[in-house]
Amino acid sequence: MKIEGEVSYHESINKMYQKVKEDGVTNIVDRFNAQEKGRCPFCSAGLSCQLCSMGPCRIGKDKPTGACGIDAAGMVVRNFTHKNMLGTQAYTYHAVEAAKTLKATAEGKTPYEIKDVEKLKWLAQQLGIESEDVKELAIKVADFVIADLSSVGRSKLVEIFAPEERKKVWDKLGIFPGGVFQEILVMGASAMTNVDTNYVSLAKKSMAMSIATCMAAQIALETIQDILFGTPMPHESYADLGILDPEYVNIAVDGHEPFVGIALIQLAEREEIQEKARAAGAKGLRIIGFIETGQEIIQRVDSPVFAGIVGNWIVQEYALATGCVDVFAADMNCALPSLPEYQRYGVKIVPVSRLVRMRGIDEGLDYEPEKVEEIAEKLVDIAIENFKQRDKGKAVKVERKQKIVVGFSPEAILHALGGDINVLLDAIKKGDIKGVVALVSCTTLKNGLHDSNTVTMAKELIKRDILVLSMGCGNAALQVAGLTSMDAVEMAGEKLKAVCKALNIPPVLSFGTCTDTGRAAYLVRIIADALGVDIPQLPVAVTAPEYMEQKATIDAVFAVAYGLTTHVSPAPPITGSEDAVKLYTEDVEKLTGGKVLVEDDPVKAAEMLEKVILEKRKALGI
């Protein structure tokens, strides 16, 4: 229930909202509320189009088609595929950056190292690459990934990492993908004016693109990041605004790529850098994680110079308003256009990706693997100089910080099981773990207070003895709320609680970012292979209780193509066509085994997913 003055599930954000409000500064909540007063019902239903000069067109009862003749189903699905394409492009850009970084590291051109050699050898073996030399192996792996992403033929990465039964289904449907670049081209050309206006055809092309996104681009980029920076393993860290201390030089890393953030941590671990910060009057220098860049780092790094993660994308303005941050280094994805205005709080906004520019900020220290150490050094210098000028007396020190457990990669989960997947399978068969739900979510204000739906959803699931894997901005919501800590074990149902205590794990496993969708899919494949069943038969589901942007839409399309029941909220903009709604919520289940559930009430949504899981268990005879 919404309480007057509250904008978030988290008290720290409510406090900082009041400060920003009193300061008269623009902020995400007030801007959202202002926009809510004039939403276009046609746009909300997906029934508007601006692609050609004869538009914009809006479809209604009195106007069943656009000027070109496209019907409601064609329009809403075509609009939806445009969002899907943008999400795919972002993931693919990240994948290419990761491969380029691996190659440059092998060539000795970056400050990084091949940290997980065994992971490199494993990946090379999967790809059919041989070499006794680690550096040569890394170069060949990087070249293979880039070539496959660019391939016009069948994606070898998808061939390698997808389950056999899924590949048969995709071949039958004609949606087995080529390289992800090719799928973007096909989708983009198809979704122009007067090309493909068949809603089923458009949806199938989007599914092919989603498979290439998650089973090729995502798996490749996360595996490469493991090779470079270490495979996540469980360790403790901290979340919430309380990690910000105004007496330190604080460099925030924000976005989706960990490359600049890792270089900054390596630099900050040097004693001469800490001494330089102390000479400027600070207690030292720290790196602060924001959003998915923070998640990528926090899952892999346990360092005294890395303070933890403040939260997800909606908290950006409120975190900067504390006056504790000296540099905000923004890489690709999720840097609010309003942030330059927050420089009034003493922070310097510095883009570190060529993708990122903002109003009044025309230049940046754009990431290139070969220049990353130089970029990190410049950011440290800017931050230390900024600290000297920052008014520490006006800073707000938020006291609360939440201890969390992070780092549950597939390897980490297997390690927690003593290396035996049968421990998990036996717990599922006996009903001690009723099922598993991957929470892959953004955060949004569209369906309630910031993070409230996500936290409620997770609480409801674990109460029902359903284990949760958390990814994306929703992961930060659950971290700040304490659900990825050992204290949360007491919130779980009695059977799940016993399993968590026996394995010493929280009931919500902090799995990573939205980019880890591919990694999660591979974990599901391991479970399916061990049980000898196809993906749709598993007591596994997906929830995005607060989806927000284009990456989320392509992840959801993939989950459905993979054969998983996928809950989303708020309702995506396809409700203007009964045919389109039926396609995604009913018809597709007969084709892939997956489908979309739409429900804004998190308690009802949890009940729906529990019902799905119980039906899967019954069909398996467990």
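The values are calculated or read from the model by the stated rules, or taken from the named source; none is laboratory data. Worth saying up front: this structure is predicted, and the values here are computed from it rather than measured. With ideal geometry, Cβ positions are generated from the backbone for all residues, glycine too; neighbour counts draw on all protein chains shown. In case anyone asks, the SASA skips ligands and DNA or RNA and just uses the protein heavy atoms, side chains included. Shrake-Rupley method; radii C 1.70, N 1.55, O 1.52, S 1.80 Å.
Some points to look at:
- Any hit, segment 194-213, residues being closer than 18 Å to Gly512 by Cβ and in contact (Cβ under 8 Å) with a residue 24 or more places away in the chain: yes
- Residues that are in a helix (DSSP H, G or I), free of Cβ contacts under 8 Å to residues at least 60 places away in the same chain and either closer than 24 Å to Tyr342 by Cα or of a type in the set (Gly, Ala, Ser) (or both) within segment 34-49 comprise Ala34, Gln35, Glu36, listed in sequence order.
- Considered as a group, the residues in segment 43-55 that are surrounded by fewer than 18 Cβ atoms within 10 Å (Cβ to Cβ) and of a type in the set (A, V, I, L, M, F, W, C) include one that is nearest to the chain's Cα centre (by Cα), and that residue is Cys43.
- Test: residue in segment 388-403 that is open to solvent by less than 10 Å² (accessible area, probe 1.4 Å) and either in a helix (DSSP H, G or I) or in contact with a Pro (Cβ under 7 Å, 6 or more places away or on another chain) (or both): no
- Lone qualifier among Ser470, Ser452, Ser485 - being within 16 Å of the chain's Cα centre (by Cα) and under 18 Å from Asp240 (Cβ atoms): Ser470
- Reported count of residues in segment 112-146, each being assigned to a helix (DSSP H, G or I), in contact (Cβ under 8 Å) with a residue 12 or more places away in the chain and closer than 17 Å to Ala220 by Cβ, is 17.
- Taking the criterion of being open to solvent by less than 40 Å² (accessible area, probe 1.4 Å) and over 16 Å from Glu272 (Cβ atoms), the residues of segment 367-378 that qualify are Tyr367, Pro369, Val372, Ile375.
- Complete set of residues in segment 125-162 that are closer than 17 Å to Ala104 by Cα and either open to solvent by less than 30 Å² (accessible area, probe 1.4 Å) or under 24 Å from the mean Cα position of the chain (by Cα) (or both): Leu137, Ala138, Val141, Ala142, Val145, Ile146
- Which numbered condition Thr197 fails, given (1) at positive phi; (2) surrounded by fewer than 24 Cβ atoms within 10 Å (Cβ to Cβ): (1)
- Residue selected from segment 164-177 under the condition in contact with a helix residue (DSSP H, G or I) (Cβ under 8 Å, 6 or more places away or on another chain) and open to solvent by 10 Å² or more (accessible area, probe 1.4 Å), by the criterion nearest to Met209 (Cα to Cα): Phe176
- Some residue of segment 211-233 being out of contact with any Lys or Arg (no Cβ under 9 Å at 6 or more places or on another chain) and either among the basic types (Lys, Arg) or open to solvent by 10 Å² or more (accessible area, probe 1.4 Å) (or both): no
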